[in-house]
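This report concerns only the one structure given below.
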Amino acid sequence: MSDILPESIYRLIGSTIAAVSRYSINAVLYIRGKFGRRRFAMACDLLLLVMAQVALLHVVLNWKSPSGLAVTISLSLVMGFLALWAANAHRHVWGRVSLHDVMGLFGAAFGVAVTTAALVSFHVGMAAFSRVLIGGTVMYVCAWAAPRLLMRLWLEWYRGRRVPASNVEPVLVYGSRGRTEQFIKIAAESSKYRVVGFLHDDGSLSGKRLHGVDAMGPLSAIGEALLRLRAKQHDVKRLVIAGDLERPDELAEALVAAAEHGLLLCRLPSLLSFVEPSRIGEAMQAVSIEDILHRDQVSIQDPRVPVSLAGKVVLVTGAGGSIGSELVRQIALHRPASIVLVESCEHNLYQIDMQMSQRFPRVPRTAALCDVRDRAALAGIFARYRPAIVLHAAALKHVPLMETNLDQAILTNIMGTHNVATLAADHGAEIMTLVSTDKAVNPTSIMGCTKRWAEIICQSLDEARGDDPSATRFACVRFGNVLDSAGSVVPLFRQQISAGGPLTVTHRDMTRYFMTIPEACELILVATAATAQTRPARSQVFVLDMGDPIRIMDLAERMIQLHGLRPNHDIAIEFVGLRPGEKLFEELAHRDEDLTPAPFPKASLARARGCAIDHLEIALGRVFHTARQGDDVDMVDALTALVPEYAGRQRPEPARPAVENFVTVH
């Protein structure tokens, strides 16, 4: 019984305190609601001032004069009201009081203390001035600041008790002091994460704490830091980048360190202060492959783009694909009259149409289920909507598949381009832009060869327009691999990692040019606007600046590390050899193509070899006939008529670029 009684008493006392606190708070809130929040706050501060004055003058100084005490307190209340009003104390949120608020209260307390000291000195002499000034300032600040700080401590304690510890993920932070401190404060108010330690490069922080969180040394000490945290039962699974690590090599260093210890690497948005604590989980993002590639992100804010698209009907083929869908989204930002979405895949068309209805409900659009090989259906679409701008992104682009499906590559990439280009000209479009590829340069694949045919078609039609200013312009935009596009290496690696590996790399030395989908689409629109408005010399191809090539081997290793795993330890990498049609090194321009500056940054103009229109018609008739017949030998022979540099897999590799021109993703 003696063991049970104390526990019962403690429970009773705890319940009584909780009940009294709850009813007291409810009573205060009721009175505040009736009286007005700001008036109530001012009344509380004045009441606290009276209590502090009585304690100072009557208790501490033992001043016995009732009249003098009454006059002093009355006049100090007037001064207190003015000082508190000037300090905006009545507008404070007590549960979120800051150091800036406390400094304002200190100023108000000093003003009241000067008034009180002067009044007391008038009655008892100057000997009491300094004592009243110092003692009054301290007591008034304590009287006003203490309830606010206690309220803040209670609210932070209460918020912490509401969220079970099992629901809060402990994280380790790496970054600058300012951003780390900012994140610690926001995380403390959220129910998603709790910072249990932070890494830093500031030697002055060694062995110190920041808002109750231990500074655990530089990034190189991550192993020791994790051992200390796990000894305290903190199961850390995430390293959060809180600093502005803009250089890819810095991010890559953090990525390697995180992967070595099985941590996922995440980063915070630049405008962290605008993030609500309850949404910090949404704001925190995993570091993407784009973040750690050693290349500058291309962004061109060209004023010609909105001018060229505003108020016009824009038709996009392949609108449901990776490039096409991003083109549609970027076009919608520039207030077109309408967008015609041409797509042969029902599911892709449904997806982009639904996305547009949600993100851009006010932009008129038409979803047209149509294959660019179907000239009659395509002609109906052109006749009905009369597009001014045509962007041709529809294509079959999978290199190994096209090696065994030559006829389909010809019908889509060549016939489809010819249909779109000629119908654009027949229906008075201002400009038609072809989305091409670096695989069209010295092609070793059927896909690359057919895309070079598509370029020649557009070049020939642009030549044939002569000097007619009203005729349709044709432009070609050539770039390399697009990161994370459908069927590209990044989604393949991601799928293989999810399956536990191995990652399949064709060759240790294979390199590719890369850019992101938004970058590629932005440059396509800029090239279209530049062609429409500056009218450069005819029969030219825009070659986008892709930076330096990236090793696929490095890309595979970084993607494994992005998942918090170790290459060739947690996930294996296997070399499977070159597939049919593949090259070790891509080229952006043929050696005979003269490159000149484009009318916008990050691009050049290539004077590519064209073809007379009558010769083109004969060659097209032959290649279409062989595609319908289905004989591979005849199709290859017909393809080489306009692209003699194509030699299939027997063509020797181009000279390997100098090693210093490669980019190693650190």
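Numbers for the structure displayed
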{"quantity": "Qualifying residues in segment 570-590 (those that are in a loop (DSSP other than H, G, I, E, B), farther than 27 Å from Gln540 by Cα and touching a helix residue (DSSP H, G or I) at 6+ places or on another chain (Cβ under 9 Å)) - the one modelled with the highest pLDDT", "calculated": "Asp570"}
{"quantity": "Some residue of segment 486-503 being crowded, with 22+ Cβ neighbours inside 10 Å, modelled with pLDDT of 85 or more and assigned by TED's automatic domain parsing to the domain that holds Gln330", "calculated": "yes"}
{"quantity": "Residue satisfying condition, being of a type in the set (A, V, I, L, M), surrounded by fewer than 18 Cβ atoms within 10 Å (Cβ to Cβ) and at pLDDT below 95, within set Val307, Val363", "calculated": "Val307"}
{"quantity": "Helices (runs of 4 or more DSSP H) contained entirely in segment 1-111, each with at least 2 residues that are at pLDDT below 65, more than 51 Å from the chain's Cα centre (by Cα) and outside the structural domain of Arg152 (by TED's automatic domain parsing)", "calculated": "4-35"}
{"quantity": "Leu369, sole failed condition from (1) under 16 Å from Lys312 (Cα atoms); (2) without any contact (Cβ under 8 Å) to a residue 40 or more places away in the chain; (3) not β-branched (Val, Ile, Thr)", "calculated": "(1)"}
{"quantity": "Selection status of Val435, of a type in the set (A, V, I, L, M, F, W, C), at pLDDT below 90 and within 35 Å of the chain's Cα centre (by Cα)", "calculated": "no"}
{"quantity": "Residue in segment 358-366 that is within 30 Å of Ile446 (Cβ to Cβ) and of a type outside the set (Asp, Glu) present", "calculated": "no"}
{"quantity": "Where Ser270 falls short, out of the listed (1) at pLDDT 80 or above; (2) not in a helix (DSSP H, G or I)", "calculated": "(1)"}
{"quantity": "Verdict on Gly207 being at positive phi and buried (at least 18 other Cβ atoms within 10 Å of the Cβ)", "calculated": "no"}
{"quantity": "Residues that are in contact with a strand residue (DSSP E or B) (Cβ under 6 Å, 6 or more places away or on another chain) and either outside the structural domain of Val541 (by TED's automatic domain parsing) or more than 27 Å from Glu403 (Cα to Cα) (or both), drawn from segment 568-609", "calculated": "Asp594, Leu595, Thr596, Ala598, Ala603, Ser604, Leu605, Ala606, Arg607"}
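The values are calculated or read from the model by the stated rules, or taken from the named source; none is laboratory data. As the structure is a computational prediction, the values presented were derived from the model and not from experiment. Cβ atoms come from the backbone with ideal geometry, glycine included; neighbour counts cover every protein chain shown.
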